[in-house]
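Asks: Attaching a single structure in structure tokens format; questions to follow.
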Amino acid sequence: MTKRITREERKQQLIEIALEQFATVGYTKTKISDIVALAGVSQGTFYWHFKSKEEIALYILERGNQQILQMISLGFQNTRVPVEQSVNSSTRLFEALFHFAEENRFFTMLLFKGLSSEELLQQQILRIKKNMEEAFVHNIQQAQKFHMIAEHKNPKVLAVFIMSLIEGVLSRWVDHEAAFQELTLEELVQQTVHFEFFGIFGV
């Protein structure tokens, strides 16, 4: 007997299909009829969960925003710790981000490619990146508070460097650029963390 899919499972199915279509075919070219056809359901089922294509896209972006910010919080320090422990904290943060990118490749593609043709959605994507940057600023300011990073260094500038590093590496990695395909995910994380600390902590 075929197991009946739950309402939440159906919603997740629609989200996954829509996300893949947005990232590979393009948001503008994707129609609700395409999404429901791939899901094998009626358009009424789609509208039971989402009022429009824009609403499902906004839902996808906001969920991704919350997940990413939660991962960046892994780098927040509540007290001064040795450099080795701080490196481990950054490693966990980058491992979380890179594993998220691996498991959510289509969201990562959408985030870094953007949706320039859709002003509202593009604003949301830019907001996610800004939130990420501000979260890194918060982490850096906390590290400065405990004298783990030199006080003369500008947290906002350092956060821009970190964001540029993450965006550059992940966007090329999800696009399967040859230079990154020779590395395991763990090796990529280790090299990224080393680069971060060499540039920011000077170790």
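The values are calculated or read from the model by the stated rules, or taken from the named source; none is laboratory data. These numbers come from a predicted model, not from an experiment. Cβ sites come from the backbone with ideal geometry, for glycine too, and all protein chains shown count toward neighbours.
Asks: Return only the number of the condition from (1) at pLDDT 85 or above; (2) closer than 26 Å to Arg105 by Cα that Phe180 does not satisfy.
Replies: All conditions are met except number (1).
Asks: Tell me, please, whether a residue that is closer than 22 Å to Asn104 by Cβ, in contact with a His (Cβ under 6 Å, 6 or more places away or on another chain) and part of a helix (DSSP H, G or I) can be found in segment 2-11.
Replies: Yes, some residue in segment 2-11 is closer than 22 Å to Asn104 by Cβ, in contact with a His (Cβ under 6 Å, 6 or more places away or on another chain) and part of a helix (DSSP H, G or I).
Asks: Restricting segment 60-94 to residues that are buried (at least 16 other Cβ atoms within 10 Å of the Cβ) and hydroxyl-bearing (Ser, Thr, Tyr), which is modelled with the lowest pLDDT?
Replies: Only one residue tops the list, namely Ser86.
Asks: Looking at (1) without any contact (Cβ under 8 Å) to a residue 12 or more places away in the chain; (2) within 17 Å of Gly64 (Cβ to Cβ); (3) basic (Lys, Arg), can you tell me which one Arg127 breaks?
Replies: All conditions are met except number (1).
Asks: Pick from Phe136, Phe161, Phe146: which is of a type in the set (Phe, Trp, Tyr), in contact (Cβ under 8 Å) with a residue 60 or more places away in the chain and in contact with a Gly (Cβ under 9 Å, 6 or more places away or on another chain)? Lay out the reasoning, then the answer.
Replies: Numbers: Phe161 fails: in contact (Cβ under 8 Å) with a residue 60 or more places away in the chain; Phe146 fails: in contact with a Gly (Cβ under 9 Å, 6 or more places away or on another chain).
Matching residue, one of Phe136, Phe161, Phe146: Phe136.
Asks: Answer yes if at least one residue in segment 24-44 is within 21 Å of Asn104 (Cα to Cα), modelled with pLDDT under 95 and not in a loop (DSSP other than H, G, I, E, B), and no otherwise.
Replies: Within segment 24-44, one or more residues are within 21 Å of Asn104 (Cα to Cα), modelled with pLDDT under 95 and not in a loop (DSSP other than H, G, I, E, B).
Asks: Say we look at segment 44-58 and pick out the residues that are under 29 Å from Leu97 (Cα atoms), of a type outside the set (Lys, Arg) and surrounded by 17 or more Cβ atoms within 10 Å (Cβ to Cβ); which of these is nearest to the chain's Cα centre (by Cα)? Full working, then the answer.
Replies: Looking only at segment 44-58, we keep the residues that are under 29 Å from Leu97 (Cα atoms), and these are 49-50, 53-58.
Now narrow it down to the ones that are of a type outside the set (Lys, Arg): 49-50, 54-58.
From the residues that got through so far, the ones that are surrounded by 17 or more Cβ atoms within 10 Å (Cβ to Cβ) too are 49-50, 56-57.
Values: His49: 24, Phe50: 23, Ile56: 17, Ala57: 15 Å.
This residue is Ala57.
Asks: Does at least one position in segment 31-43 carry a residue that is exposed (fewer than 14 other Cβ atoms within 10 Å of the Cβ), of a type in the set (Lys, Arg) and closer than 20 Å to Gln124 by Cβ?
Replies: First pass over segment 31-43, keeping only residues exposed (fewer than 14 other Cβ atoms within 10 Å of the Cβ): 31, 33, 37, 40, 42-43.
With the extra rule that they be of a type in the set (Lys, Arg), the set shrinks to 31.
From what's left, closer than 20 Å to Gln124 by Cβ: none.
Taking every residue of segment 31-43 in turn, none turns out to be exposed (fewer than 14 other Cβ atoms within 10 Å of the Cβ), of a type in the set (Lys, Arg) and closer than 20 Å to Gln124 by Cβ.
Asks: Right, something else. Considering only residues of segment 7-30 that are touching a residue at least 24 places away in the same chain (Cβ under 8 Å) and aliphatic (A, V, I, L, M), which is surrounded by the most Cβ atoms within 10 Å (Cβ to Cβ)?
Replies: Ala18
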